[in-house]
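S.K.: Below is one structure. I have some questions about it.
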C-alpha cells in the first residue's frame, strides 16, 4: 500500500546545529504512528516541520515530506494553507493556551470550516462538538474557552482539527497537560475517531503508556535521530535498541511492591484544614472559603514512605506546605515526634525546620540562579546553625555531592550549568544536608524525563535505607508508587478518599475514585 | 458589577483624602501663607501690614487646623484646612490668588483643551496601532529593525523640539497654518491642525514601539500557532487573532488617560497659545498662583481616579475572561 | 604656578555624583564575580549598538565628571589688604580643557564660523562718516585679513585638525589591534574602534577650531554656544543620574516589601503609589519647585554664592523629580517580587528557616535586578528630556545654570527673529539627542538581554 505521508531524510538546523538529523518514516492511512522521545529529541520539531510551522531561526535544510503525491516543501505558502487544516490537522499539548481566548469556540471551529469549505453552518459545528463529546453542544457553541475545563478544551481542539476531515492528524503530546482520568477519555476519543474516520495519526509523545495504548507502529527518537522503528507487538516484546529497553522498563512493574514493615510513629496529621478566604461585596467581607484541604488525617512512621496521590487541584501539595508551615492551617493538629508543631511560633518552630525538609517539583525554579551549588547547599546549614566551621561545612558539602552522584568540582558552578536530573540531585543534597528525619517530596520526578526518573527515585530509596528517612511523597503519577511507597493515601477535592498499604490499595481499591484512577493508568500489553 | 463600582468609588475616597492632605501640607505647612504673601508681593522688605492685608483678602489669615477663637463646629470650619482644602471635595475651588473664580475659569477653558487633546489622543492611537501592525507584519526582517531604530530615534527627541520644528516649518516658513492663537467654534480647526499633528507625530516613536511589543507578545502565543495550523493566512492571523488580543492591553492602558484629556497639555497649549486648562495651569505656575495650582492638582487626581475606574470597566468589555467581582 | 593658586570647592551635586560613580563601580565588580551575570552583560556589549551607545554614554559621563571638579581661582592680591580672596565664580577642570572657548565673548549673536557679527552697528569709517554695517567679530576669525580666505581657511584648518588627530588615533588603535587585544574576545571591535575614533576626532576638531572661530556661533550676550552646550552636559547627566538615584531606594524598599510581605504592607504601599500617581506629575513637580523657590527667597542668608544657590535648586529639582517618579519602578518590582517569592527556591529558603531579611537580600533582590536596571536606564533618558520641558515651563534648573532646557527656552525668541537665529537650538538638539538616543538604545539592548519576555520566540523542543 502506498503510504499517506512520507518523510524522507528530514534535517532541521538552528544556525549550524542540527536538531533533527536526517530522519525518515512513513504513515499509511488508518494507522497510528507514534514518534517517541524525551525532551530535546526533536520529535515536536519534526511535526512542526511537516506543517511548515517552524519558528523563526529554525530551518529545514534537507529532506522532503510527501503527502499523497504532493511534496509539501515544494508548495507555495498559499497552497500550503490549503493543506493545513484541510488535509493535515494538528492538536497541541496545551489546551489552555492553544485556543484564542477572545473568540467563542463556535467561531473558532467555524473559522476552519469557512476557510476550507466556504461555509460554516451552525448545525455542522454543533455536530462536531457532539461528536467529540461536548455536552449540551447547542448552548456551548457560544462559550469562550475559559469557560471550559482542560479536557473539554482539548476536545474542542480535536473537533477543530477534524472539522474538514483531514487525512492525517498530528497529535503533539495531546494528553501531557491533562490529568490521568481525562487523559484516558481523550485517548479513547482519539481511538474511536480514528476508527470511525479511518484517520492516519502521527502521535508525538514521551509517555510509553500512551504509546502502548494507542500506537500501531512506533519510532524512537533521540538527539534528532530515529533509533528504531517497529510494529507495536514487536517493539514491546523485542526492543532492538538499548535506549528503547530503558524507556519500556521505566514503566511500572505491577507486582514489584515494597515489603511491609513496622514503623515507629513520626508525623501525625489529624483533621487538618487549609482554607483560603473568598471575599465579596462592597466591603470585601469573607463570604466563604476555598477548601483546599478539608480535614485530612495522615500518619507517617520512621523510615516509612507515604504516597499522597491526587489529580491537579486535589490539594495534595497544600498538605505538604501546611506540614512545612508554609501555609497556615484553619483547624486540626500536626504532631511531629510527639510534639504539636502547628501552633508553635515562628521562632519555636525553627528547630523543626532542621527535621522536616522538602524537595520540589521543578528543578529549574527550585534553585536560585544567582547562587553557586555550594551556596545553595550551605544556605540551610548556615540558617540552622549546622556543620560547624566553614572548613568542615565544605567537607560535608563535598561528601554530600559525591553521595548524590555529583562531583566535588561542581561546587562553584551555577544551577543553569546542570541538567534537570543533576539539579534534582543537588536539591536532594540540599535537603539531606541538614540531616532531616522527614522529607516532603512534592512531585520530585514529574518534570524529569522517564529515563532519569528511575535514577532519582532509586537515589531517594537508597538514602531512605541509609539514613532512616521518612518520605511524604506527593505525586499524580500512580505508576511510580508500587516499588516506592509503603502506604498510599488518595486525595480528591481536599479530602482523603482512601488510604492503606500500597499492595492492598493498588490491587484491591475500595473507593470508586481510586478504581477509576487506577483504571485510567495506561499499561503495557500483558505479554510484554 | 454595581457592587464592584461602588467599592472602587469607596476606595477612591482615601486616595483623594491623601491627595488633599498632601497638597495641604505642601501649600500651607511647608510654606506658610506669610511666605507666600512675601513672594507674591514681590518685595523682600514688604511691610507686615501689607502681608496681613493680602492674607485677609484671600482668607489665608485663619488658623490652619483649629480655630480657638470660635466654639462649636465653627472652630473647625473657620480654618484654612476646612475652607481651602476640604471644600475641594465639593468641587468648590474658590477664588484664585488674583481674585478670579477658578470654577468658572475651568468650565470655560476645558473645552479648548479637549478640542486639542481628544483628536490628538484618538488619531495618535489609530496611527500608532496601524504602524505597529505594519511593522509586526514584517517582523524579524531588516525593515523591522530599521523601523525600531527609527522609533527609538523619534522617542529620543524632546517634545519641545517637535513643537519648535513644527511651528518653524509649517507656520513660519511655509505659511500653511497660523503660528498660534485660537478661535471659538468651527473656525478653530485652522488653529487646531498643527498642534494635533505635532502631538500625533511626537507620540509615534514610543507608541509604535510599545504596541509592536504587545502585538509580538501575542504573535508568539500558542493560539496563533493553532490558527496557522488551521490554514489561516498570515494576514488573517494578524487581523483576526493577534489584533483583538493585542487590543486588550492597549485599550485598557489608554483608557486611564481619557478623563485627564480635559486637563490638556501644558507644553502644546502654551506654545500654540490655546486658551485651555494646560496654559491656564502654566500661567498659574508662572504667576505663582497657588490657589489655582492646588485646584488643578485636586482636579487631576479626581480625573485620574475616574480613569482607573473606567480602566477596570473597560476590561470587562473587551476581555471575555474578566468578570468584575 | 598659577594652577595651584586655587581653592577646591566641591558643590553638593559634585559630591553626590562621585558617590554614585563609586557605587556603580562596586556594582560592576559584583557583576564580574558572577559568571551568569557576566555572560549576560557580555551579550549587551557584544552587540554593535550596545557597544557603540555605551561608549557615547561613557563620553558624556566623563565630560560631566570633569565638569564636576570645581574650584575657585585666587584673585590677585590688592594693595589694601593681604588677605587671600577667591573668585566668586566656580571653575571646573572642564573649563581648563575648554579654555579656547572661554574669554572670547563677542558683543551679541554671531552665526557658526562667522567672522561678522549678526547685528548691524554704527561704525565710524576712516573718513569719519558713520555707516551701519555688520562689524567684524572681536575673536571669531580675527586672524583672517581677507574675506575671500574665509572658506578656504575653514577647510584647511579643519583638515589639519582632523589629520593631526587621526594619525595618533590610528597608531593607538593599530597597537591595540595587533598587540593588546585578546583573541577570544567577541566584542565588536570594528564598531568600538570607529566610535572611539569618531568621538575623539569630533571633539578634537571642535576644540582646535574653537581657537579661531565660534564653531556653533555665539548667543545673545556673545558667549560661545558650543561652550554653553558642553557645560549643559553636566546638568543633563546629573539630573538623569541623581534623580534616578533618589527613585531607587524608595522604589526598591517599598516595591519589594509590598510584594514579599503582602497583606497590610502591600495595601499601604499600593495606597501610597496610587495617591502619588493620581496627582499629575508635572503639577506636583511644578508645585514643589515653586515651594523651593519660596524657601530660597525667604532664606537668602543660606546661599552666599550664586552657584551654591543654583546648586541647591538643582539638587532639590533632582530630589523632586525622583520623589515623583519612583512609582513606576515600585509597581514593577512589586509584581516581580510577588512572582519570585512564589518560586520554589524562595519556598525552600523558608523551609530552611532562613530569615526574611536574608531571603530578600539573597534571593529576591538579586533576581529582580534586571527590572531595576532596565527602569534605571529608561528613567535616565526620561529625566534628561524632562529637564528641557521643566526649564521651558520655568520650574527647571536655575537660569544661571547652563542647561539644554534653558537654551531651548531662549530659542523661542531667537527663532522669531529675522533672519533666524537657529544655532543654539540646533546645538542643544544635537547634544541632547545624542545622549538620549544612546541611553535609549542601550536600555533597549539591556532589556533584550535581561527581560525573559523579550527574548523572542523562546525555546523549541
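S.K.: Quick check on segment A:374-428: of everything there that is in a loop (DSSP other than H, G, I, E, B) and within 32 Å of the chain's Cα centre (by Cα), which residue is nearest to the other protein chains (Cβ to nearest Cβ)?
M.R.: Result: A:414.
S.K.: Moving on. When you look at residue A:2, is it farther than 29 Å from residue A:195 by Cβ and either out of contact with any strand residue (DSSP E or B) (no Cβ under 6 Å at 6 or more places or on another chain) or surrounded by fewer than 22 Cβ atoms within 10 Å (Cβ to Cβ) (or both), yes or no?
M.R.: Answer is no for this residue.
S.K.: Which residue, of A:221, A:208, A:160, A:214, is farther than 24 Å from residue A:40 by Cα and buried (at least 21 other Cβ atoms within 10 Å of the Cβ)?
M.R.: A:160 is the lone residue from the list that is farther than 24 Å from residue A:40 by Cα and buried (at least 21 other Cβ atoms within 10 Å of the Cβ).
S.K.: Something else: Within the group C:342, C:347, which residue is within 14 Å of chain A (Cβ to nearest Cβ) and in contact with a strand residue (DSSP E or B) (Cβ under 8 Å, 6 or more places away or on another chain)?
M.R.: Every option except C:347 fails the conditions.
S.K.: So residue B:249 passes all but one of these: (1) more than 19 Å from the chain's Cα centre (by Cα); (2) not in a helix (DSSP H, G or I). Which condition number does it fail?
M.R.: Just one mismatch for residue B:249, condition (2).
S.K.: Also, I was wondering about something else. Taking only segment A:325-355 into account, find how many residues are surrounded by 16 or more Cβ atoms within 10 Å (Cβ to Cβ), closer than 22 Å to residue A:491 by Cα and touching a strand residue (DSSP E or B) at 6+ places or on another chain (Cβ under 6 Å).
M.R.: Going through segment A:325-355 one residue at a time, the tally reaches 8.
S.K.: Just checking: which of the helices (runs of 4 or more DSSP H) contained wholly in segment B:112-231 hold 1 or more residues that are more than 14 Å from chain A (Cβ to nearest Cβ) and farther than 24 Å from residue B:281 by Cβ?
M.R.: So the answer is B:142-155, B:159-166, B:189-219.
S.K.: Enumerate the helices (runs of 4 or more DSSP H) found wholly within segment C:343-457, keeping only those where 2 or more residues are without any contact (Cβ under 8 Å) to a residue 40 or more places away in the chain and closer than 30 Å to residue A:440 by Cβ.
M.R.: In segment C:343-457, C:344-351, C:356-359 are the helices (runs of 4 or more DSSP H) which contain 2 or more residues that are without any contact (Cβ under 8 Å) to a residue 40 or more places away in the chain and closer than 30 Å to residue A:440 by Cβ.
S.K.: Is it fair to say residue A:464 is at pLDDT 85 or above, surrounded by fewer than 20 Cβ atoms within 10 Å (Cβ to Cβ), more than 14 Å from every other protein chain (Cβ to nearest Cβ) and in contact with a strand residue (DSSP E or B) (Cβ under 7 Å, 6 or more places away or on another chain)?
M.R.: yes
S.K.: Can you report the number of residues in segment C:182-212 which are assigned to a loop (DSSP other than H, G, I, E, B) and touching a helix residue (DSSP H, G or I) at 6+ places or on another chain (Cβ under 7 Å)?
M.R.: Count: 6.
S.K.: In segment B:82-89, is there at least one residue being within 14 Å of another protein chain (Cβ to nearest Cβ) and either under 21 Å from the mean Cα position of the chain (by Cα) or free of Cβ contacts under 8 Å to residues at least 40 places away in the same chain (or both)?
M.R.: So far as segment B:82-89 goes, yes, one or more of its residues are within 14 Å of another protein chain (Cβ to nearest Cβ) and either under 21 Å from the mean Cα position of the chain (by Cα) or free of Cβ contacts under 8 Å to residues at least 40 places away in the same chain (or both).
S.K.: Further, regarding this structure: Could you run through segment B:232-244 and say how many residues are assigned to a helix (DSSP H, G or I) and facing another protein chain (nearest Cβ under 7 Å)?
M.R.: 2
S.K.: Do you know which residues across segment C:421-439 are facing another protein chain (nearest Cβ under 8 Å) and surrounded by fewer than 24 Cβ atoms within 10 Å (Cβ to Cβ)?
M.R.: C:429, C:433, C:437
S.K.: Residue by residue through segment B:79-93, note down the ones that are surrounded by 17 or more Cβ atoms within 10 Å (Cβ to Cβ) and not in a helix (DSSP H, G or I).
M.R.: B:79, B:93, listed by residue number.
S.K.: Give the residue, chosen from A:55, A:49, A:34, that is within 14 Å of chain B (Cβ to nearest Cβ) and under 23 Å from residue A:243 (Cβ atoms).
M.R.: Sole residue among the options that is within 14 Å of chain B (Cβ to nearest Cβ) and under 23 Å from residue A:243 (Cβ atoms): A:49.
S.K.: Based on this model, can you work out whether residue A:433 counts as within 25 Å of the chain's Cα centre (by Cα), in contact (Cβ under 8 Å) with a residue 12 or more places away in the chain and either surrounded by 14 or more Cβ atoms within 10 Å (Cβ to Cβ) or over 20 Å from residue A:361 (Cα atoms) (or both)?
M.R.: For residue A:433, the condition - within 25 Å of the chain's Cα centre (by Cα), in contact (Cβ under 8 Å) with a residue 12 or more places away in the chain and either surrounded by 14 or more Cβ atoms within 10 Å (Cβ to Cβ) or over 20 Å from residue A:361 (Cα atoms) (or both) - is not met.
S.K.: Let me ask something else about it. Which one of these is more than 14 Å from every other protein chain (Cβ to nearest Cβ) and either out of contact with any helix residue (DSSP H, G or I) (no Cβ under 9 Å at 6 or more places or on another chain) or surrounded by fewer than 24 Cβ atoms within 10 Å (Cβ to Cβ) (or both): C:291, C:253?
M.R.: Testing whether each residue is more than 14 Å from every other protein chain (Cβ to nearest Cβ) and either out of contact with any helix residue (DSSP H, G or I) (no Cβ under 9 Å at 6 or more places or on another chain) or surrounded by fewer than 24 Cβ atoms within 10 Å (Cβ to Cβ) (or both) leaves just C:253.
S.K.: Next up: Hey, residue B:18 hits all of (1) at the interface with chain C (Cβ under 9 Å from one of its Cβ atoms); (2) at pLDDT below 75 but one; which does it fall short on?
M.R.: Of everything listed in (1) at the interface with chain C (Cβ under 9 Å from one of its Cβ atoms); (2) at pLDDT below 75, residue B:18 misses just condition (2).
S.K.: Separate question: For residue A:362, are the conditions met, namely being in contact (Cβ under 8 Å) with a residue 60 or more places away in the chain and more than 9 Å from every other protein chain (Cβ to nearest Cβ)?
M.R.: no
S.K.: Are any of the residues in segment A:335-357 part of a strand (DSSP E or B) and at the interface with another protein chain (Cβ under 9 Å from one of its Cβ atoms)?
M.R.: Yes.
S.K.: Let me ask something else about it. Could you list, in sequence order, the residues of segment A:55-89 that are in a loop (DSSP other than H, G, I, E, B) and crowded, with 20+ Cβ neighbours inside 10 Å?
M.R.: Hits for segment A:55-89 are A:85, A:87.
S.K.: From the set of residues in segment B:22-33 that are farther than 15 Å from residue C:294 by Cα and facing another protein chain (nearest Cβ under 9 Å), which is surrounded by the fewest Cβ atoms within 10 Å (Cβ to Cβ)?
M.R.: B:22
S.K.: Also, quick follow-up: All but one of (1) more than 23 Å from residue B:125 (Cα to Cα); (2) within 11 Å of chain C (Cβ to nearest Cβ) hold for residue B:273; which doesn't?
M.R.: Checking residue B:273 against (1) more than 23 Å from residue B:125 (Cα to Cα); (2) within 11 Å of chain C (Cβ to nearest Cβ), the one that fails is (2).
Quick grid of which residues meet (1) buried (at least 21 other Cβ atoms within 10 Å of the Cβ); (2) within 14 Å of another protein chain (Cβ to nearest Cβ):
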site: C:281; (1), (2): no, yes
site: C:297; (1), (2): no, yes
site: C:308; (1), (2): no, no
site: C:318; (1), (2): yes, no
site: C:352; (1), (2): yes, yes
site: C:361; (1), (2): no, yes
site: C:364; (1), (2): yes, yes
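S.K.: Can we say residue B:25 is in a helix (DSSP H, G or I) and touching a strand residue (DSSP E or B) at 6+ places or on another chain (Cβ under 9 Å)?
M.R.: So residue B:25 does not fit the description; no.
S.K.: If you take the residues of segment A:90-121 that are touching a strand residue (DSSP E or B) at 6+ places or on another chain (Cβ under 7 Å) and facing chain B (nearest Cβ under 7 Å), which of them is surrounded by the most Cβ atoms within 10 Å (Cβ to Cβ)?
M.R.: Among those residues, the one meeting the criterion is A:90.
The values are calculated or read from the model by the stated rules, or taken from the named source; none is laboratory data. Just so it is clear, the model here is predicted, and its values are computed rather than measured. Note: ideal-geometry Cβ built from the backbone for every residue, glycine included; neighbour counts use all protein chains shown.
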